[in-house]
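Enquirer: Before we start, here is the structure in question, set down as structure tokens.
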Amino acid sequence: METAFEINDQKLLHFLTSTKVDDSCGGHTDFLEWHNETEELKTSLTKIGQIAIQTSEKQWDSQYWGQDAKIQLDRYPYYGCEIFQCQKCNTVFFYYLELGGHGAQKRYRVIRKDLIDMETIIPAHPIVIDYKGMDYMIYKNPDLTYAISISKNIGIGLDVYYQLSKEEQEGYLRDGIISLNNRMKDMDLNYSNYKVTAWR
């Protein structure tokens, strides 16, 4: 039974982070960029939802072809895409129906989280854009700043919170979580120097 629902940017990021993909289908390499539907792919997919994101004023101003093309969720064709998942390997796909200038084409692309352009996400409230269990969470705020929190268990549970500096933010967007290793170590060792919230 199909159980599709509307997916905003935070739900999509959460789903991608929590989904464990295996290589039983070989990585669907033909679909690392937009590719027309094949019968083999079609029979292995289940629809899980549809993107529901406010479009940018620059919705047509994007280059979306190629394996390494950035995914800009507020621009064509992503903001109206349906989301499908492979039943065999759990790979997640964008889908849209292309109608321009030729016969209708059903196109799919594997969703690679590392290609999502975080700069195009403008949250109405702080959203989690990346996390790893209890190890860390990365937030993006409505003022477009970024923050990190880690959890610490010292008899009581603590969330240790820090707003990234401009340099740390740029490093995270460029190099990912590895750029914040030293900051997280300091948050763990010197947690009393940070904003702390007890949760137990």
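Enquirer: Return the residue satisfying two criteria in turn: it lies in segment 100-131 and is surrounded by fewer than 18 Cβ atoms within 10 Å (Cβ to Cβ) and closer than 14 Å to GLU37 by Cα, and of such residues it is modelled with the highest pLDDT.
Expert: LYS106
Enquirer: OK, next. So LYS140 ticks every box in (1) free of Cβ contacts under 8 Å to residues at least 24 places away in the same chain; (2) open to solvent by 40 Å² or more (accessible area, probe 1.4 Å); (3) not small (Gly, Ala, Ser) but one. Which box is left unticked?
Expert: Unmet for LYS140, out of (1) free of Cβ contacts under 8 Å to residues at least 24 places away in the same chain; (2) open to solvent by 40 Å² or more (accessible area, probe 1.4 Å); (3) not small (Gly, Ala, Ser): (2).
Enquirer: Looking only at segment 166-200, filter to residues that are part of a loop (DSSP other than H, G, I, E, B) and among the aromatic types (Phe, Trp, Tyr); which one of those is modelled with the highest pLDDT?
Expert: TYR194
Enquirer: Let me ask something else. If a residue has to be open to solvent by 40 Å² or more (accessible area, probe 1.4 Å), over 16 Å from LYS185 (Cα atoms) and out of contact with any strand residue (DSSP E or B) (no Cβ under 6 Å at 6 or more places or on another chain) to count, how many in segment 143-164 make the cut?
Expert: Result for segment 143-164: 3.
Enquirer: Considering only residues of segment 1-22 that are at pLDDT below 90 and charged (D, E, K, R), which is surrounded by the fewest Cβ atoms within 10 Å (Cβ to Cβ)?
Expert: Checking each candidate, the answer is GLU2.
Enquirer: Check MET134 against each of (1) under 15 Å from PHE31 (Cβ atoms); (2) more than 17 Å from the chain's Cα centre (by Cα) and name the one condition it does not meet.
Expert: Condition (1) is where MET134 drops out.
Enquirer: Yes or no: segment 27-37 includes at least one residue that is in a loop (DSSP other than H, G, I, E, B), at positive phi and at pLDDT 90 or above.
Expert: yes
Enquirer: Please go through segment 133-149 and give me each residue that is of a type outside the set (A, V, I, L, M, F, W, C) and either at pLDDT below 90 or in a loop (DSSP other than H, G, I, E, B) (or both), ordered by number.
Expert: Selection gives GLY133, ASP135, ASN141, PRO142, ASP143, THR145.
The values are calculated or read from the model by the stated rules, or taken from the named source; none is laboratory data. Everything quoted here is computed from the prediction, not taken from an experiment. So basically every Cβ, Gly included, is an ideal-geometry build from the backbone, and we count neighbours across all protein chains shown. Heavy atoms of the whole protein, side chains included, go into the accessibility calculation; ligands, DNA and RNA do not. Shrake-Rupley method; radii C 1.70, N 1.55, O 1.52, S 1.80 Å.
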